[in-house]
Every structure is written in structure tokens, then in C-alpha cells.
Amino acid sequence: MYENKQYHHGDLKNLLIKSVLDAVKENNLDKFSIRETARFLNVSPAAPYNHFTDKQSLILSSIYFCKIEFITYLKNKVLLNKNQKNRKLAVIGKSYLEYANDNPEIFIFMFSQTLSKKDRLNNYEDFHQLFLDAIKESFSLNDLRKRVSMNSAVNSAWSIIHGTACLIASKTISDQEVDGYINGNLFNEISAIWAVGVSKPIVYR
């Protein structure tokens, strides 16, 4: 929890979100209290409600905050590797797994909270677009198998990476496997599985 201090004007909203993320990292989100947080921040119990209607709206805003941070992280990784032609999808995939490994509690929080259908679609549209742009860099519609749409190619790539990231964040697989997915041949294996499933053999393109 953030230390007891007087907040600067305009900081309260972000401090409340950061307090939620502190609770997430400490696995104490179920015990998080807006009233208690307000006391630690030296504000009135009513002050947080100028920004959030209730605890759930604060949690939802915290998820959006995490999503923006994660998307920015992935985009920055792409920019750092922009000279690697046709490697954008691999960069996004490995960076996605690295983030889940380095920020397991935040990753699980970001994707496991119950959202309305509208919030869920709005929240994750940017991830879909990121994978779409990466796939279009290396594949055209003519490269895909006859029964595979670009949307299915995107969703299958994202689901393979996201599923692996969930295994990493939840500590379901060994450290050796994690390293293999992030730095070794295991990542190449799942990449090959995806590519064979969605794209025509090169000889038929």
C-alpha cells in the first residue's frame, strides 16, 4: 500500500489505480478497500468517488490502465526491432511471453477479471489489431490455406501465444520450459505449428 501522504491535485485517480495494482501484486485484491485506501492517502472517504462510482469501476479502470501499459510495451518492442524484416510477429509473441513472465500477477489480473461483453471487446481490440498488422507484414490472403480467413489466422496466433503466456504467468510449467518459449526452440516449435496450420506450403503460394 502507498505510504500515508497528501496527494497533489489531480493525482488521486492514478494513485487509486496504483493502489489496486499493489493489491494485485500482493494477491490481496479481494481485501482492497476504497475507504482504507483513502485513509492512507489522507483524503476524505468521499474523495475517490469523484473519480469512480464504486470498487468495480476502479478495478475496470485499473484493467484499462494495465492494457494500455502492455500494448505500449509490445509496440515499443516492435519499434526496437523494426529493422528485422518479417519478424514483427515473432517479436510480439516473445515479448508477450516475457511480459507474462515478468509481471505474472498483473497479467492474470488483466485477463481474468469478469467484464461485460462491451468492455471485453473494447478492451482487447488493440491486441487483435497488433497481431493483425504483424501477420499482414508476412502473409497475404493468398498465402493462407483456402479455408482459413485472416481473422482466424489472427485469432489462432493470439490464442497460441496467450495460452502459453497463461501457463507461464500461472507457474504451471517449469522454468526450463519458460526459457524455451522465450529464448529457445520451444517458441520456434509453436510458431511452426501455427504457420503450418494457417498457411499454404510455399510451393503452392
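The values are calculated or read from the model by the stated rules, or taken from the named source; none is laboratory data. Since this is a predicted model, take the numbers as computed values, not measurements. Here Cβ is always computed from backbone atoms with ideal geometry, including for glycine, and neighbour counts include all displayed protein chains.
Structure values in brief
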| item | result |
| --- | --- |
| Restricting region 22-46 to residues that are part of a helix (DSSP H, G or I) and touching a helix residue (DSSP H, G or I) at 6+ places or on another chain (Cβ under 6 Å), the residue that is farthest from Phe111 (Cα to Cα) | Ala38 |
| Region 27-76 - residue that is surrounded by 15 or more Cβ atoms within 10 Å (Cβ to Cβ) and of a type in the set (Gly, Ala, Ser) and, of those, nearest to Ser95 (Cα to Cα) | Ser62 |
| Single condition Val91 does not satisfy, out of (1) surrounded by fewer than 19 Cβ atoms within 10 Å (Cβ to Cβ); (2) closer than 26 Å to Ser62 by Cβ; (3) among the β-branched types (Val, Ile, Thr) | (2) |
| Members of region 116-142 found to be crowded, with 18+ Cβ neighbours inside 10 Å and either outside the structural domain of Asn155 (by TED's automatic domain parsing) or not in a helix (DSSP H, G or I) (or both), listed by number | Phe139 |
| Sole residue being among the aliphatic types (A, V, I, L, M), over 21 Å from Asn123 (Cα atoms), assigned by TED's automatic domain parsing to the domain that holds Leu167 and touching a helix residue (DSSP H, G or I) at 6+ places or on another chain (Cβ under 9 Å), chosen from Val91, Val78 | Val91 |
| Residue match in region 152-173 (condition: in contact with a strand residue (DSSP E or B) (Cβ under 7 Å, 6 or more places away or on another chain) and more than 27 Å from Glu105 (Cβ to Cβ)) | yes |
| Conditions (1) touching a strand residue (DSSP E or B) at 6+ places or on another chain (Cβ under 9 Å); (2) of a type outside the set (S, T, N, Q); (3) under 16 Å from Leu29 (Cα atoms): number failed by Ile108 | (1) |
| Filter result for the condition that a residue is under 25 Å from the mean Cα position of the chain (by Cα), assigned to a helix (DSSP H, G or I) and at pLDDT below 95, over Gln84, Gln56 | Gln56 |
| Candidate set: region 156-205, residues that are outside any helix (DSSP H, G or I) and modelled with pLDDT of 95 or more; chosen: the one farthest from the chain's Cα centre (by Cα) | Ser174 |
| Residues satisfying the stated conditions in region 36-58, i.e. of a type in the set (Phe, Trp, Tyr) and closer than 11 Å to Ile17 by Cα | Phe52 |
| Residue within region 137-155 that is within 15 Å of the chain's Cα centre (by Cα) and touching a residue at least 24 places away in the same chain (Cβ under 8 Å) present | yes |
| Members of region 102-133 found to be modelled with pLDDT of 85 or more and either of a type in the set (Ser, Thr, Tyr) or over 16 Å from the mean Cα position of the chain (by Cα) (or both), listed by number | Asp133 |
